[in-house]
Structures are given as structure tokens and as C-alpha cells.
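Report on the structure given below.
Just so it is clear, none of the values below were taken in a lab; they were calculated from the coordinates. This is a predicted model, so every value here is computed, not measured. Every residue, glycine as well, gets a Cβ built from its backbone with ideal geometry; the counts of neighbours run over all protein chains shown.
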């Protein structure tokens, strides 16, 4: 009996994870999914009457900035870092205008996991992002922090979801030095898998 080719199995897996997508909807799915990863840290947000509007505006902002980046990619680590900081600041502003306290630690999870999702889907489904792979930041959560702690990088006392941008970025700088020039997403991928298997 003939087996389905591997690309068909990959398509099945992507559809299971991100839901039914048309060819031009994968980026939207990659940007949407991370919200479920960190929204549990947004205590009290679920009770706000304007929560749907705030989320809608924030999602639209993230998607818009990712679309722009796919067309015109940053050429250096510094320019990528600036793009990342500006998007984080914009997200915090959107939530604050809706009367909700939002942190850079939460915005980094949204931005960084969106990139991870994009690369998991691949260039064919979500084109335009390969030039920034080496610039991407490491998504931070308790699984990753616990794994890093076992390898000699102390876990900060403050919860990652409450970090400001300076705290977050200094940790990324520390990770770049520790990783010795390797792409941070390469390292995070294995850290996260190891952490889930313990």
C-alpha cells in the first residue's frame, strides 16, 4: 500500500496545531497562537468588558508589523533589536490605553513565539522571514528558565511575565554570550524539548 508523501503529513500536522488555514493564512495563525501561551499570566484581563477590543487591536498591530518585516527585513542584529523593542512598546501602549497593565515579559512571549511558529511552518507556507532567523530572540518562560538554571544561568527572582524591557534585553545579551554565536532559537528548541520531557 502506498504511503502519503511526507509533505502531506507535514500539512496535516500544521493544520492540527494551527487550525484549518488557506495558503495565505499561515502567518495570521502563527501570530495568533502565541496569545494562548501567555494570556494565563494576564490576571484580571478576562473580566474586563473591553478585553476583546484590546486583544483585537493588539493582534492587528503584531500582524501588521510582522507583514512589514517580511517585506523589508532588518539587516543587522541592532536593527532587529530596535524593531523588537518598538513593537513591544507599542503593545504595552495598546493595553495601557485599555486600562490594563501589560509587561515586556508578556509581549516578548507573543513576539518570540510567533517567530518560532513561523519557522516551524517553514518558508514555503510563511515566506520572507528566513533572513532574520539568526537575529531572533529566545522566547522566555519557566520551562526555558529552569533548563538554563540547570546549565548554570541563574533564574531571576522576578517572574518573566513581569520583566521590563531592560531586564528582558539584558537577559538576551547574556544568552547570546552563553550561546557563543549560535542562533538563540536553535538553543531554545532543545532546551524546551528537554524541559518538557523531564
Computed helical MRE - 222 nm, the chain, DSSP H runs ≥ 4 contributing -39500 (n - 2.57), nearest 500 = -19500 deg cm²/dmol
Residue separation times 0.36 nm, minus the C-alpha to C-alpha distance between residue 79 and residue 167: what's the value?
-> 29.8 nm
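Sorted from fewest to most neighbouring beta carbons within 10 Å, what does the list 101, 176, 40 look like? Mind dumping the intermediate values first?
On the way: 101 13, 176 16, 40 10.
Ordered from fewest to most neighbouring Cβ atoms within 10 Å, 101, 176, 40 come out as 40, 101, 176.
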Inter-label distance for residue 56 and residue 90, nm, one decimal - labels placed 7 Å from Cα along Cα-to-Cβ = 1.9 nm
Using alpha carbon centers only, region 170-190 is separated from region 34-103 by a whole-angstrom value of 23 Å
Once you sort the root eigenvalues of the Cα gyration tensor of region 24-196 as a ≥ b ≥ c, which label holds: rounded (a/c under 1.5), prolate (a/b larger than b/c) or oblate (the other case)?
-> oblate
Looking only at 177, 65, 86, which one moves most when the chain is put into a Gaussian network model with springs between Cα atoms under 10 Å?
-> 177
Taking neighbour counts of Cβ atoms within 10 Å as a proxy for exposure, in what order, fewest first, do 179, 30 appear?
-> 179, 30
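Only counting other Cβ atoms within 10 Å, I'd like 193, 113, 143 sorted with the fewest neighbours first.
On the way: 193 11, 113 20, 143 17.
Ranking 193, 113, 143 by Cβ neighbours within 10 Å, fewest first, gives 193, 143, 113.
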